[in-house]
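The values are calculated or read from the model by the stated rules, or taken from the named source; none is laboratory data. These numbers were taken from a predicted model, which means no experiment stands behind them. We place every Cβ from the backbone using ideal geometry, glycine too, and count neighbours over all the protein chains shown. When the accessible area is computed, the model is the full protein with side chains, heavy atoms only, and any ligands, DNA or RNA have been set aside. Shrake-Rupley method; radii C 1.70, N 1.55, O 1.52, S 1.80 Å.
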Amino acid sequence: MSKIRKLKVGNIELNNNLLLAPMAGISDLPMRLLSKEGGAGLVYTEMVSAKALVYGDEKTKKLFMIHKDERPVAVQIFGADAYSMGEAAKIISGSGADIIDINLGCPVRKIAKAGAGAKLLANEALTADIMETVVKNADIPVTVKIRIGLLPGQNIAPEIIKIAGETGIKMAAVHARPASQGHSGEPDIEAFAAACADAKIPVIANGGIIDENSAEKFLNVQNCSGLMIGRGAIGNYSIFKRLESYFNKGIALEAPSRHEKIEWLKKHAFLSVRHYGEKKGYVLLRKVFHYYVKDMANAAKARDMFNKIAKTEDFEKVLKCVYDNV
């Protein structure tokens, strides 16, 4: 079984091989800072539109504002043509980012309709052209995040990883579910193993990793180079340190208590308000608030209250509701 260890991505050396996944609308700067505090070796921004970057969209630029405390950090880009992806790589290379990641796994219909994300897996020639162009235009390491396929029973990952290595990509993260499955259902460990088997670049496991048991299934795969955790890390940021303790020292640390989750929530709210301002900070937190209070008594009431707040004094009332029922 693989252990948690240092990992090198091109010329970037990570403290460990535990990564925070890129999540649209979720893995923003506040969450990346929390994940770093929780022990992540590398964090990824939410996906950034290459075309919007090329057009100079200011909102898009703000998606990858980088803080010194989150480095090393990877900026993920998506797009359906090699030119805009290459130009975006030039922009990001000069932004302070450490790594550029190409999105070849997003299953969202809007992204697929534009021919980007997981949809690119159906066009190996275009995918190869995009990877080669991004690598050529970047002066920092380039990685890819892919799915095993578009539909159940497919496993395109081995061939895409082969092409990636040939074009100069330094690492591939494989979400071990088909795009049609989204984020539900069990990951296909056999398909992931096939993706790792002959890989000439590090291959990182992704999909359904929420604890030591789910992590171990992937780490038992020969040539698995590390783990990428997405939704399993929300409100559970110490998962990175817990996995390192369990697999390297044999010590199983306790998962965060309800009180600890609320402390993470308070810290998340502080960072969100500091980064976005009071109103927007609380509005954006609505996407993840339920992760902090699920399984708690009165969770539904707390969610309803939180979805109506826009200032800190109202947040304090929500906290009181939660604390009264922990």
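List of remarks:
- Pair-distance distribution P(r) for segment 184-285, from all Cα-Cα distances in 5 Å bins starting at 0: 2, 12, 18, 17, 15, 13, 9, 8, 4, 1 percent.
- Alpha carbon Rg of segment 54-213, scaled by the compact-globule rule 2.2 N^0.38 Å: 1.01
- Amide H contacts of Gly149 (H built 1.01 Å from N, under 5 Å, at least 5 apart or other chain): Ile156, Ala179
- Computed over segment 38-109, relative contact order equals 35 percent, with contacts defined as Cα pairs under 8 Å that lie 6+ residues apart.
- The HN-Hα couplings worked out from phi for segment 134-142 by the Karplus form 6.51 cos²θ - 1.76 cosθ + 1.60 (θ = phi - 60°) are 4, 4, 4, 8, 9, 10, 10, x, 10 Hz, whole numbers, x standing for Gly and Pro.
- Kirkwood Rh in Å, taken over all unlike Cα pairs in segment 56-98: 11.2
- Per residue, the convex hull spanned by the Cα atoms of segment 252-303 amounts to 86 cubic angstrom.
- A convex hull fitted to the Cα coordinates of segment 1-61 yields 117 cubic angstrom per residue.
- Projecting label points 7 angstrom from Cα along Cα→Cβ for Glu37 and Lys287 puts them 2.0 nm apart.
- Structure-based [θ]222 nm, the chain - -39500 (n - 2.57) summed over DSSP H runs of at least 4, per residue, nearest 500: -12500 deg cm²/dmol
- Peptides 141-152, 92-103 ranked from most to least packed, by the mean per-residue count of other Cβ atoms within 10 Å: 141-152, 92-103.
- Loop sites in segment 1-97: trypsin sites (Lys or Arg not before Pro), DSSP, at most 12 other Cβ within 10 Å: Lys3, Lys6
- Helix 312-323 vs. the chain, principal-axis angle (Cα, 0 to 90°, nearest 10): 80
- Using the Karplus relation 6.51 cos²θ - 1.76 cosθ + 1.60 with θ = phi - 60°, the per-residue 3J(HN,Hα) values for segment 163-173 come to 4, 4, x, 5, 8, x, 5, 9, 6, 10, 9 Hz, with x marking Gly and Pro.
- Charge tally in the Cβ shell below 14 Å around Ile201, where Lys, Arg are +1 and Asp, Glu are -1, Ile201 excluded: +1
- Interchain or long-range residues, amide H under 5 Å from Gln76's placed H: Thr45, Val48, Asp101
- The chain: antiparallel DSSP beta bridges as a percent of all, rounded to 5: 10
- Close amide H pairs (under 5 Å, H built 1.01 Å from N) link Leu42 with Leu18, Leu20, residues at least 5 positions away or on another chain.
- Accessible area per residue for the chain is 44 Å², calculated with a 1.4 Å probe on protein heavy atoms, without ligands, DNA or RNA.
- Cα-based Lys proximity count in segment 233-302, under 20 Å, for pairs eight or more positions apart or on separate chains: 17
- Segment 170-267: trypsin sites (Lys or Arg not before Pro) in DSSP coil with no more than 14 other Cβ atoms inside 10 Å: Lys200
- Rolling a 1.4 Å probe over the protein heavy atoms of the chain, with every protein chain left in place, gives an accessible area that is 50 percent carbon and sulfur.
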